[in-house]
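Contents: one structure, followed by commentary.
The values are calculated or read from the model by the stated rules, or taken from the named source; none is laboratory data. What you are looking at is a predicted structure, and each value in this text was computed from that prediction instead of being measured. A quick note on method: Cβ atoms are made from the backbone with ideal geometry, for glycine too, and the neighbour counts reach across all protein chains shown.
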Amino acid sequence: MLTGFSDGTITLEERASRGGSRSLQGSFPYNSRATFSDGGRTGRPRKEVFAPRAFAHNVEDKDVDIRLLSGHRFDKPLASRASGTLELKDGDDALTFRAEITPELQEASWVRDFFAGYSAGLIRGISPGFRIPPKRVAPNAEKVTEEDPREGMALVRTIFEALLFEISVVTAAAYPDAQVEERNWDVTGGGVAFPRRVHPAQRWRA
């Protein structure tokens, strides 16, 4: 599974009417370029952008259980659509969500850690976990193009269709360079060559 990154916006609010539940809401913007690599001394910068409603397929399929996680860890869940604690909406400007953190879940250590990090201002980013659908199903799911020379010399990967499985709240740190480099880019024919599969512990995360 691949991950994307955005500083996005997360708003924390109390919902006393739900018997101690706490609510998170946030958005992952479309048409906003993220820089994975500045290209180093000799390479070219690499950027990525999600087209409007890129996540529409799974968001509109209510049978797909999309989860809200802490740091892309499936063993650190915060909410899920199947449990009725996560609502998603896909729009032209952004993918937005609203999550209810139940009182019972607030007792979990990773949830306490999340709220502590959020209160300290250390957790403000939003990062989707997704897969690109097979070419036989979505032949035009992505495209790699040259950046406008007036803006720079980067290779820009635009994602038009992606299968969303989870959204994570993360720190607003930049991507680790070593793992960014595991993504192989090829502008030939407008396609992209994906990296070899790596163990989750070695995969880049925002």
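Brief remarks follow.
- Taking the criterion of being at pLDDT below 95, basic (K, R) and under 19 Å from F28 (Cα atoms), the residues of the stretch 58-112 that qualify are R73, K89, R98.
- The set of residues in the stretch 53-91 that are surrounded by fewer than 16 Cβ atoms within 10 Å (Cβ to Cβ) and in contact with a Phe, Trp or Tyr (Cβ under 7 Å, 6 or more places away or on another chain) contains only E87.
- Residue in the stretch 22-35 that is within 15 Å of E166 (Cβ to Cβ), touching a residue at least 40 places away in the same chain (Cβ under 8 Å), of a type outside the set (A, V, I, L, M, F, W, C) and outside any loop (DSSP other than H, G, I, E, B) present: yes
- Qualifying positions in the stretch 64-107 - in a loop (DSSP other than H, G, I, E, B), of a type in the set (G, A, S) and in contact (Cβ under 8 Å) with a residue 24 or more places away in the chain: G71, G91
- Among the criteria (1) closer than 30 Å to P149 by Cβ; (2) of a type outside the set (V, I, T); (3) at pLDDT 85 or above, the one G4 does not fulfil is (3).
Let's see how each residue does on (1) crowded, with 17+ Cβ neighbours inside 10 Å; (2) in contact (Cβ under 8 Å) with a residue 12 or more places away in the chain; (3) over 16 Å from the mean Cα position of the chain (by Cα):
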| position | (1), (2), (3) |
| --- | --- |
| G125 | yes, yes, no |
| R136 | no, no, yes |
| P139 | no, no, yes |
| M153 | no, yes, yes |
| R157 | yes, yes, no |
| E161 | yes, yes, no |
